[in-house]
1. So is residue 187 small (Gly, Ala, Ser), out of contact with any Lys or Arg (no Cβ under 8 Å at 6 or more places or on another chain), closer than 20 Å to residue 117 by Cβ and surrounded by 15 or more Cβ atoms within 10 Å (Cβ to Cβ) or not?
2. Return only the number of the condition from (1) under 17 Å from residue 118 (Cα atoms); (2) touching a Lys or Arg at 6+ places or on another chain (Cβ under 7 Å) that residue 26 does not satisfy.
3. In the stretch 177-203, which residues are assigned to a strand (DSSP E or B), charged (D, E, K, R) and farther than 18 Å from residue 163 by Cβ?
4. Has the stretch 89-105 got at least one residue that is touching a strand residue (DSSP E or B) at 6+ places or on another chain (Cβ under 6 Å) and surrounded by 17 or more Cβ atoms within 10 Å (Cβ to Cβ)?
5. Give the residue that is farthest from residue 119 (Cα to Cα), with candidates limited to residues of the stretch 172-183 that are of a type in the set (A, V, I, L, M) and loosely packed, with under 15 Cβ neighbours inside 10 Å.
6. Give 192, 139, 126, 149 a once-over and let me know the one that is exposed (fewer than 14 other Cβ atoms within 10 Å of the Cβ) and either among the aliphatic types (A, V, I, L, M) or touching a residue at least 40 places away in the same chain (Cβ under 8 Å) (or both).
7. How many residues does the stretch 78-123 contain that are polar (S, T, N, Q) and within 19 Å of residue 165 (Cα to Cα)?
Amino acid sequence: MSPEPAPRIATTAQVDDGARLESGVVVWELAHVREHAVIGAGSSLGRGAYVGPGVILGRNCKIQNYALIYEPAVLEDGVFVGPAVVFTNDLYPRAINPDGSRKSGDDWHAVGVTVRTGAAIGARAVCVAPVEIGEWALVAAGATVIRDVPAFALVAGNPARRIGWVGHAGARLLADGDGFHCPVSGALYREVDGQLSLVESGA
């Protein structure tokens with residue numbers, strides 16, 4: 001049985017003590033992984049990406065160039081984060097307290113973004129915590145997400161609103177009688193009470 005591939009870390013990347021990189025992880029130039037972050041097996045971090053302290057990435061995630069993932073974000077398996085995406089973590093952002101003193105880590109409570117399995121977030125989207133992106137959902141490039149996104153939803157705009165559904169293959173689903181079908185895989189889906197579910201997988 002062949003050994004698990006070791007993580008590959010570019011010489012200009014920074015991985016802080018206490019971070020855990022599992023097998024097959026690739027960290028490209030100028031990326032920064034903070035202490036206690038966990039990067040799941042097979043995941044990749046693009047040039048200049050930032051992963052905050054204690055952030056958790058599942059297996060086979062793809063984080064593109066200059067994406068900023070602030071703690072305490074949690075990404076499940078197979079999540080795609082496009083270039084220059086930002087996950088926020090502060091409900092009331094301020095540099096100083098009302099008395100003029102500089103804020104410290106003790107002066108705020110971090111809130112995070114949760115992204116479920118297979119979801120994808122397009123380039124330059126901003127996810128304003130606390131918010132959850134459902135499994136296999138698709139956030140359009142440039143969207144501003146301020147509320148939870150249902151599984152399989154396609155959302156766009158500022159603020160982001162659902163404009164359709166996508167399937168496991170990532171293509172926009174087409175209405176088909178009582179349900180929807182995927183033009184790529186042929187899979188069938190059905191919407192009930194604003195939630196989409198798979199009825200029959202494609203070929």
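Coordinate-derived values only; no laboratory data. All values derive from a computational prediction rather than experimental measurement. Neighbour counts are summed over all protein chains in view; Cβ atoms, including those assigned to glycine, are modelled from backbone coordinates with ideal geometry.
1. Working: small (Gly, Ala, Ser): yes; out of contact with any Lys or Arg (no Cβ under 8 Å at 6 or more places or on another chain): yes; closer than 20 Å to residue 117 by Cβ: yes; surrounded by 15 or more Cβ atoms within 10 Å (Cβ to Cβ): yes.
Considered against the rule, which asks whether it is small (Gly, Ala, Ser), out of contact with any Lys or Arg (no Cβ under 8 Å at 6 or more places or on another chain), closer than 20 Å to residue 117 by Cβ and surrounded by 15 or more Cβ atoms within 10 Å (Cβ to Cβ), residue 187 comes out as yes.
2. (1)
3. Start the filter on the stretch 177-203 by keeping residues that are assigned to a strand (DSSP E or B), which leaves 179-181, 188-192, 195-200.
Applying the additional criterion that residues be charged (D, E, K, R) yields 190-191, 200.
The answer is 190, 200.
4. Looking through the stretch 89-105, none of the residues is touching a strand residue (DSSP E or B) at 6+ places or on another chain (Cβ under 6 Å) and surrounded by 17 or more Cβ atoms within 10 Å (Cβ to Cβ).
5. First pass over the stretch 172-183, keeping only residues of a type in the set (A, V, I, L, M): 173-175.
Retained after the next criterion (residues that are loosely packed, with under 15 Cβ neighbours inside 10 Å): 174-175.
Working: 174: 19, 175: 21 Å.
Once the filter is applied, the top-ranked residue is 175.
6. Details: 139 fails: exposed (fewer than 14 other Cβ atoms within 10 Å of the Cβ); 126 fails: exposed (fewer than 14 other Cβ atoms within 10 Å of the Cβ); 149 fails: exposed (fewer than 14 other Cβ atoms within 10 Å of the Cβ).
The match here is 192.
7. Within the stretch 78-123, the subset polar (S, T, N, Q) is 88-89, 97, 101, 104, 114, 117.
In the following step, the residues that additionally are within 19 Å of residue 165 (Cα to Cα) were identified as 117.
Summing the residues that are polar (S, T, N, Q) and within 19 Å of residue 165 (Cα to Cα) in the stretch 78-123 gives 1.
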